[in-house]
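Visitor: Shown below is the structure under consideration.
The values are calculated or read from the model by the stated rules, or taken from the named source; none is laboratory data. Note that this is a predicted model, so its numbers are computed, not measured. Quick note on the areas: whole protein, heavy atoms, side chains included, nothing else; ligands and nucleic acids left out. Shrake-Rupley method; radii C 1.70, N 1.55, O 1.52, S 1.80 Å.
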Amino acid sequence: MNRTILNNIARFFGFGLAQVFVLKEMNLWWAGFHYFQIFLYPLFILLLPFRAPQQLILFLSFVMGIFIDGFYDSMGVHASASVFTAALRPWVLAWVAPRGGYDSKHVPTKAQYGLPWFLRYASILMGIHLLFYFSVESFTFVNPFEIFLKTVGSGIISMIFIWMTIMILNPKE
Amino acid sequence: MRGLLQFLYANSSFLLFILLEIICFLLIINFNEKQGIIWWSTASATIGAAEKTKDNIAQYFALGKENRILLDENAALRKRLHQLLVMQGDTTVGDSISRENLPALLKDTANVDTSKNEYSFISANVINNSIVGTSNFLTLDKGKRHGIKEDMGVISKDGIVGRVRKVSEHYALVMSILHKDASIIASIRRTGAFGGLQWDGKDARYMYLNNIPRHLEIQMKDTVQTSHHSDIFPKAILIGTVDTFYAASGSNFHTIRVKLNNNLGRLQHAYVIVNKHYAERSDLEAQQPNE
């Protein structure tokens, strides 16, 4: 087994378990502060390698979402947002592509393309993920402002956590 | 075929995305209380509105036929009115009742003593109906607000329909006679023999009349009607005709297959029977001593 696969397995469990055992508890601890929920697990979807087939990315995102849903007791909600994020990933990557384009051997990381690029890429996909998640979570557009507030609040705090994680781990492949 | 496969292959990631989202969506509405409630209430409201529209359209196309049926019904009522007037000894009435003298004649019948008249009728449209399976219900577009109460009988122009089971403000849910738990006291017009009419859950055109002792004589095509023992239907409302009958060996009773006169699958209008004495009678019967 090569390093990339092992890395991604480690990220799956690392981010997934951190989400359900640490970040979920922190969200509960801020009781009532549901406008600031920390989402770290989508980082797994962001860091999948370029050469992974899109079908595999969709499937792994689905599995990741179901894994999170199992602990959040929200069967399907995180999974649908994850699948949606995975589906838009190629479009966002094309949108933020650096001048030289991507090397298919690479992984979309800060180490390869720099911190500003990564933060731009991550914040767009996180915005998509959170907007979809909070829409499905409320399951009605009666309160679009509420969904917007949750997306912005959770997006900011999640990006801080993603930035910290990237700075500490600095994944390369 | 090759084109289809190529299409599927070329769009496989998009199709996988759609498939996974559908799975997620099904999981969401089935395993999440809040989202499930929102989904099902929205869905049922939408389906309800769509059904109502469908019903309105269907009613529009059935107008010609309905008109004819109403004319027939009118004719029958006029005939009955005529008979009533004659019975009253009003010999001045001619053979014909025209549109011009109808109001005057109706005024005449107003003097007929109606205080003995136990029953009145509420007309309603059937907005939902089923005749498959063994537990059939209908929905009527009138409810509590219009005077419908639980346990009232429901008939149509051609026969009996069922019994009101639940009422809301604007709707009534009727247990069809085509329901495994429905049992109607019915009698044979010619002999007066009575028994319980039940459905076997198979063919919506037939019901079975049980508990008529085998020593009583029965003929094919005998008319089956509601019995005067029934507490919810007026007596002598046509139900159907005897289709076949036999007595199983060792049984003391006939099994009679009754061909229903009305077609419950095509019901559009129904009349709910208001029995003014129903509560009084059922109260009294509930008091019967048990020894």
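Visitor: What accessible area per residue comes out for chain A, rounded to a whole number of Å², with a 1.4 Å probe? Can you show the working numbers first?
Guide: Details: 8290 Å² over 173 residues.
Value returned for chain A: 48 Å² of accessible area per residue.
Visitor: Out of B:I47, B:I188, B:I232, any idea which swings most in a Gaussian network model of chain B, alpha carbons joined below 10 Å?
Guide: Looking only at B:I47, B:I188, B:I232, the biggest GNM fluctuation is shown by B:I47.
Visitor: Separate question: Which of the three applies to segment A:121-173, rounded, prolate or oblate, going by the alpha-carbon gyration tensor with a ≥ b ≥ c and a/c under 1.5 meaning rounded? Could you put the intermediate results ahead of the total?
Guide: Details: a/c = 3.75, a/b = 2.61, b/c = 1.44.
Cα axes put segment A:121-173 in the prolate bin.
Visitor: To continue, here is another question. Defining a contact as two alpha carbons under 8 Å apart and six or more residues distant in sequence, what relative contact order in percent does segment A:23-173 show?
Guide: Details: 173 pairs, mean separation 47.6, N = 151.
Reported as a whole number, the value is 32 percent.
Visitor: Enter the accessible area per residue of segment B:231-271 (Å², integer; probe 1.4 Å; all protein chains in place). It would help to have the intermediate numbers written out before the result.
Guide: Working: 2000 Å² over 41 residues.
Ligands and nucleic acids excluded, the figure is 49 Å² per residue.
Visitor: Put simply, what bits of segment A:42-79 lose 50 Å² or more of accessible area when the other protein chains are there, versus the chain on its own (1.4 Å probe)?
Guide: Going by heavy-atom accessible area, the residues of segment A:42-79 that drop by at least 50 Å² are A:Q55, A:L58, A:F62, A:M75.
Visitor: Name the most mobile residue of A:K150, A:K105, A:K24, meaning the one with the largest mean-square fluctuation, in a Gaussian network model of chain A with Cα contacts below 10 Å.
Guide: Highest fluctuation of the listed residues: A:K105.
Visitor: Further question: Which residues of segment B:1-33 end up with at least 30 Å² less accessible area in the presence of all protein chains than when their chain stands alone, using a 1.4 Å probe?
Guide: Buried-area filter returns B:S13, B:L16, B:F17, B:L20, B:E21, B:C24, B:L27, B:I28, B:N32.
Visitor: If a/c stays under 1.5 just call it rounded; otherwise compare a/b with b/c (prolate if a/b is bigger, oblate if not). Do that for segment B:166-291, with a ≥ b ≥ c from the square roots of the Cα gyration tensor eigenvalues.
Guide: Numbers: a/c = 1.91, a/b = 1.26, b/c = 1.52.
The shape class here is oblate.
Visitor: Given an 8 Å cut-off on Cα distances and at least 6 residues of separation, report the relative contact order of chain B as a percent. Let's see the in-between values first.
Guide: On the way: 459 pairs, mean separation 42.7, N = 291.
The normalised contact order for chain B reaches 15 percent.
Visitor: Still on this model: May I ask for the distance between the Cα centers of segment B:45-76 and segment B:120-192, given as a whole number of Å?
Guide: Segment B:45-76 and segment B:120-192 have Cα centres spaced 18 Å from each other.
Visitor: If you roll a 1.4 Å probe over the protein assembly as shown with all protein chains in place, what percent of the accessible area is carbon or sulfur? Walk me through the intermediate numbers first.
Guide: Numbers: 16330 of 26530 Å².
Carbon and sulfur: 62 percent of the exposed surface of the protein assembly as shown.
Visitor: Also, quick follow-up: How big a patch of accessible area, both sides summed and in Å² to the nearest 100, lies buried between B and A at a 1.4 Å probe? If you can, show how the numbers build up before the last one.
Guide: Numbers: alone 19050 and 9040 Å², together 26530 Å².
Adding both sides of the contact gives about 1600 Å².
Visitor: Would you tell me the accessible area of B:F194, worked out with a 1.4 angstrom probe on the heavy atoms of the protein chains, in Å² to the nearest 10?
Guide: We get 100 Å² for B:F194.
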